[in-house]
Amino acid sequence: MKQKKSFLNRPLGRTLLVWAVQALAFTLTSLLINFINPKYIRVNSLQTAVFAVAVITLLNALLWPILSRILLPFVVLSLGFISLLLNGLMVWIAAWILPGFYLADYWIAFWMALGITALTLILSHFLTLNDDGTWERNQVLRRMNKKKDKPIETAVPGILFLEIDGLSTPIFQQALKDGHMPNMAKWIEDGSHVLTEWETDTSSQTSASQAGILHGDNSNIPAFRWYDKEAGQICASGDMKYLPIMEEEHSNGDGLLADGGASRGNLLSGDATSVMNTASAITDTSKFHTSDFGAFFANPYNASRTLMNFIGDIIQEKKEFRYARKHNVQPILDKHHRGGIYPLIRGAMVVLMMNLNIDTLLGDIFSGVPSAYATFVGYDEIAHHSGVTDPGAFKVLHKLDREFGRLAKAIEAAPRPYHLVILSDHGQSSGATFLQRYGVTLGDFVYQLMEEESSVVGINHGDESNEQVTFLLSDIIHNAKSGLLQSVAHKSQKKVEKKQAKHKEEHTHEKKGGKKEEDEKPDIYALASGNLGLISFTAWPKRMTLEEIEAEFPNVVPGLAKHEGVGFVMVDSEKDGPVVIGAKGFYYLDTDEVKGENPLAGFGKRAPDHLRRTNSFPNCPDILVNSFYDPETNEGCAFEELIGFHGGMGGWQTRPFILHPAEFKAEGEIIGAAEVYRLGKEWLAQVASSE
C-alpha cells in the first residue's frame, strides 16, 4: 500500500513552509541590520515581512528572466555574483513598492538579499529542507514541465557513467563504512549494485585512463606530460591544442559514447555527439555543444545556491588549512600552493563544476540520451593539496553521494529508465613530496649528476585545476551565442593563462652551463607526472640505450637508482632489453630474471607486465623514474608539489573501482583502462538488446 504523504511533503505544504522559512530569514536579517544602524532599515511588522517575501518572489518571477538574460555574460563569468546583485535589486524594488518596508539605499538591499539567501540555506538545512524538496521543485519539475522537445518514452534503459576523479577503492570503502556516502552504501546493501576493483596501467592519471575507458586505447601515453622526440616538443595532457590530436590518435569512431551519448566535463569525448566542457572537443564544430552555462546561472535558485556554496567552500578551505598548520598535520603544502587564488580554484572545482555537471546530466536524463559520461573533479582536487583522507575530501564525497542520489530519484520521472555506474579513473597515493623530503626537485638532482655543464629543465608543476578552469572558459568562448559573453570569457581566460604561465615559471628549474639561444632546447628534460619522472636527452633523435647513457652521462642512471626517494628506473639496454634498476638489484623484463634484490617488490605482481608495455611505446622516455613506495607506511613521494598524487605505480593510485548494477557482470580481473571500455560497451549492448 502506498504510504500517504504528510502535509509538508505535499507541494502546497512545502511551499508554505519554504515561505515561512524565507519570512523568518527576512526578519532575522532585518533585525541584524537594524541592530547595526536603525536608520538603514524599517520593517513595521511580521505581516510586512511575510508580504515582502511574497513581493520579492513575484518580482523574481516577473523581472529576473528579463534582467538575467540581458546581463547573462556577467552572470556566468561572475559565477553568479551578478545574480546576487539582481537579488538586491528585487529587494530594493520591494521596499519601494510595499508600505511599511523601508531601506536607506541599494547596498542595504544587497546585504539584505545576501543575508536572506544565506539564512534561508542555513535554516533549510536544519529543517531538512536543504534541499531535496527545493532542489526537486527547481531542477526536476522545471524540466518535466517543458513543453518543447519532449522525447519519446521508451523502456530501453540508458546508462550514466559518473566518474569520481582520483578516488581509490580503499578510500571509497572507508567513506562507505564511515557513513559519508549513504546512498551508495544502501545500493550495495540492497544488492542493486556491486563494487568491483580494477587496476590501472603504468600511467595512473586521467588522460591515459580516459583514453582507455572512453576510446579503448591508451597506448603511447606514458604520463601526463612527456617529451616527444620525433616531434621535438613536450606533449601535455592539459594542453587544449594537443588533446584533439590525442583523441584523433586513439579513437576508432566507436568510443564508449558513440551511440549518441553525451560527454560532460571530461578530457576526451568518447566520440559523443553532444559535449559540454569537454577539453578535446571544445573547438570541434561537428559536435553539438550543450552550453548550459547561461541557463544554469539565469536560474535564481542555481545562482544563489552555487554562489553561497562557493563562498562556503572557500571559507572551509581556509579553516582546514589553518587547522592543519596549527596542529602540524603532516604532510602539508605551504601557502604558495594553498594560498593566493587556490581557494577560488578549489571552489570552482568542488562546487561549480559539480553543479554544472549535475544540472546538465538532468537535462540529458529528461531528453532521453542513451548514455552519458561525466567527470567530477572535486575529490581529486582536495586530495592533491590536503591529503587523500583529509576531512574536506570526505565532505566532497558526501556531497557527491547526495547529488548522485538526487539523480537516481530524478530518473524515476524520466522518459526512459537509467542505470548508474559510478567509477574512478585512478586512485591517489600519499606522502611528503620529493622536494619536501630531500630539498631538491627531480630536475635539480639530475643536474647534480651531470659531469659536464648541461642545461636541464625540470617541470614539476602538477596542479591541473587551472587547466580545468581554462577549459570551461574556452568552452564559453567557442560555443556561446552571445558575442559579449565570448569577449568577457576571452579576457578572463587570458588572465587565468597568465597566472598559469607564472605558476609554470616558478616551478620550472633551469640551469645552464654555457650560453644558449632562448629558443634552443635544453640538453635534458626532467618531467614530473605524480611520482613518475621522465628523463629525456634532446640531442638524441631516438630513445637512448643504457649503454649510450652510461657512455655519455655515466652518473645519471646509478645516481638515480641509488637515491632513497627513487624506487626504480627503467632503461632499454641494447644487450639485455628493457631493464629495471633499483638501489640493490636488477629486473630484466625480457626474461623476468632478477639479480640482487627485486626492485619491483612492493609494486604489484603485474608491474613487469605494465612496464613492458610502457617500454614498447615510441614516447617512452630515455629513463623512466618511479618514486619509492613503502608498503608498511603506505607512502611514496611525488616529483610534483602534491601530497596526494598519482601518475606512476605504488600504493592506492593504481586501485580505482567500478560500482555497477548487479545485472552488469564484471567477471575476472580487470587490468588496464581499455578493459573498462570493453565492459562499458558490453553493458551498453546489453541494455540496447533489452527492447
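FYI, it's all coordinate maths here, none of it is from the lab. Since we're looking at a predicted model, the values are computed, not measured. Here the Cβ positions follow ideal geometry from the backbone for every residue, glycine too, while neighbour counts run over all protein chains shown.
Separation of the alpha carbons by more than 19 angstrom is noted, of Lys241/Lys287; Lys287/Lys409; Lys319/Lys395; Lys542/Lys595; Lys409/Lys681; Lys562/Lys584, for Lys287/Lys409; Lys542/Lys595; Lys409/Lys681. Using all pairs of distinct alpha-carbon atoms, the Kirkwood hydrodynamic radius of the range 221-296 works out to 13.2 angstrom. Taking amide H as placed 1.01 Å from N in the peptide plane, the amide H of Gln428 sits under 5 Å from that of Ser168, Gln653, each at least 5 places away or on another chain. Amide H contacts under 5 Å for Ser204: Gly647, Gly648, restricted to partners 5 or more places along the chain or on a different chain, H placed in the peptide plane at 1.01 Å from N. Computed from backbone phi, the HN-Hα couplings of the range 558-564 come to x, x, 5, 5, 8, 5, 5 Hz, rounded to whole numbers (Karplus: 6.51 cos²θ - 1.76 cosθ + 1.60, θ = phi - 60°; Gly and Pro given as x). Computed 3J(HN,Hα) for the range 243-252, one whole-Hz value per residue from the Karplus formula 6.51 cos²θ - 1.76 cosθ + 1.60 where θ = phi - 60°, is 4, x, 5, 4, 5, 4, 6, 10, 9, 10, glycine and proline marked x.
Near the amide H of His193, within less than 5 Å, lie the amide hydrogens of Ile188, Ala662, all on another chain or at least 5 residues away, with H placed in the peptide plane. In this label model, Val594 and Glu189 are separated by 4.3 nm, measuring between points 7 Å along each Cα→Cβ vector. Computed from backbone phi, the HN-Hα couplings of the range 528-543 come to 9, 9, x, 9, 10, x, 10, 9, 10, 9, 6, 6, 9, x, 10, 4 Hz, rounded to whole numbers (Karplus: 6.51 cos²θ - 1.76 cosθ + 1.60, θ = phi - 60°; Gly and Pro given as x).
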